[in-house]
Amino acid sequence: MFSTKILSVLATSRFYLLPADEETSLFLKTSAGVSFVGTDFTFLKPEYRVEYGVGVLYSRGTRNSEYPKKAAFNGGIGLGTIIEFSNKISFYADVNSSFIYSDIVNGVPNYAYIQQGEEASLKKTNSLAMIAQISIGIIYSDTTVNKLIRNNIRPLQKIFR
C-alpha cells in the first residue's frame, strides 16, 4: 500500500479561445513549476508488518523518513470555461492533466537494472506520472469577471457571426 503526497508550486496561464456565446468563455490552461513528492510504502495487511518486523518498506519526505520531499518538474495542460450568471457572479470549471517527472512512481522508487560485463547495478530512473484534476467553483468579483476578456473578444464575435 502506498500513500503519496504532492505539494506543487505552479505558474498558470490561460489562453481564451473563441467565445461560445455572450455569457460563456472557453479557455486553454497551461501550467509549469515544481512539485515536492513524498511517499510511504507499506504492507497492505497489518499482519505482514508484524510477521516481518517492518513497518515501512520505503519512505521519503514524510514523518517516517529523515529525508526531505523530492523536487520534480511539473507541467500541465487543460481546458476550462467561465459562465457568467450576472455582472458579479460566474461559474468556473476546468479539467487539467499534470505530468510530474519523478523517480517515485506509484509510491516506490523506479530502478533500471544495468549490466556492464560482469558488473550489475541498479540506477534510479525518472519517468512521467500523470495526475488528472477537475476544478469547479463559483467566482464573486466586485468588477465584471470577464470584462477584460470580453473587450478583447468582441471584435472577433463580429467577424465570426
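The values are calculated or read from the model by the stated rules, or taken from the named source; none is laboratory data. Owing to the predicted nature of the structure, the values given are computational and were not obtained by experimental measurement. Every residue, glycine among them, receives a Cβ derived from its backbone with ideal geometry; neighbour counts consider all protein chains shown.
Do we have Asp40 as modelled with pLDDT under 90 and part of a strand (DSSP E or B) here? Yes, satisfied. Selection within the stretch 1-21: residues that are of a type outside the set (Phe, Trp, Tyr) and more than 28 Å from Val108 (Cα to Cα). The member of this set that is surrounded by the most Cβ atoms within 10 Å (Cβ to Cβ) is Pro19. Screening the candidates Leu17, Leu26 for the property of being of a type outside the set (Val, Ile, Thr) and modelled with pLDDT under 90 yields one hit, Leu17.
Quick grid of which residues meet (1) in contact with a Ser or Thr (Cβ under 6 Å, 6 or more places away or on another chain); (2) hydrophobic (A, V, I, L, M, F, W, C):
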residue: Thr12; (1), (2): yes, no
residue: Asp21; (1), (2): no, no
residue: Tyr48; (1), (2): no, no
residue: Val54; (1), (2): no, yes
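Of all residues in the stretch 44-94, how many are basic (Lys, Arg), modelled with pLDDT of 80 or more and in a loop (DSSP other than H, G, I, E, B)? Of the residues in the stretch 44-94, 3 are basic (Lys, Arg), modelled with pLDDT of 80 or more and in a loop (DSSP other than H, G, I, E, B).
Across the stretch 52-79, the qualifying residues are those that are touching a Leu at 6+ places or on another chain (Cβ under 8 Å) and not small (Gly, Ala, Ser), and the one among them that is farthest from Phe36 (Cα to Cα) is Leu79. Within the stretch 98-106, none of the residues are in contact (Cβ under 8 Å) with a residue 40 or more places away in the chain, farther than 19 Å from Ser3 by Cα, out of contact with any His (no Cβ under 8 Å at 6 or more places or on another chain) and not in a strand (DSSP E or B).
Could you go through the stretch 106-116 and let me know if any residue there is under 28 Å from Ala11 (Cβ atoms), at pLDDT 80 or above and surrounded by 16 or more Cβ atoms within 10 Å (Cβ to Cβ). No - not one qualifying residue is present in the stretch 106-116.
Within the set Ser8, Ser3, Ser13, the sole residue that is of a type in the set (S, T, N, Q), at negative phi, out of contact with any helix residue (DSSP H, G or I) (no Cβ under 8 Å at 6 or more places or on another chain) and without any contact (Cβ under 8 Å) to a residue 60 or more places away in the chain turns out to be Ser13.
For Thr62, the conditions (1) surrounded by 13 or more Cβ atoms within 10 Å (Cβ to Cβ); (2) within 19 Å of the chain's Cα centre (by Cα); (3) under 19 Å from Val9 (Cα atoms) all hold with the exception of (2).
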